[in-house]
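Input: a single structure, listed below in structure tokens.
Every number in this text was worked out from the coordinates using simple rules, so none of it is lab data. Note that this is a predicted model, so its numbers are computed, not measured.
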Amino acid sequence: MYRDLLAGHKVSQAMSTHSAAVPADLTIQALVDDHIFGRGQRCFLVKRGSDTVGLMTLQRIREVPRSEWATMSVAEAMLPWTSRNA
């Protein structure tokens with residue numbers, strides 16, 4: 001079924017090339033409420049000013065206890081950019 005739908009198409013035609021950016025000081029709760037529930041996004045570049053400092057994913061959010069979402073910033077839970085390039 002899916003094979004017929006995808007036949008003749010490139011992966012790049014089905015994937016999103018836009019990654020949303022969020023500020024490093026945004027709380028996890030605000031990220032979930034405004035960007036995940038509100039817009040359906042699943043992966044985010046984390047910015048401090050004009051610098052990209054990390055990556056925030058749904059998996060990282062799942063690793064943070066729900067009781068900490070209102071006070072923990074995205075920067076505290078993100079995958080730091082330096083570790084992704086190491």
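Would you mind classifying region 32-86 by shape? Square roots of the alpha carbon gyration tensor eigenvalues, ordered a ≥ b ≥ c; an a/c under 1.5 is rounded, otherwise it is prolate if a/b is larger than b/c and oblate if not.
prolate
On full extension of the chain, what length is gained from T57 through S19, given 0.36 nm per residue of separation minus the C-alpha to C-alpha distance?
Between T57 and S19, full extension yields an extra 12.6 nm.
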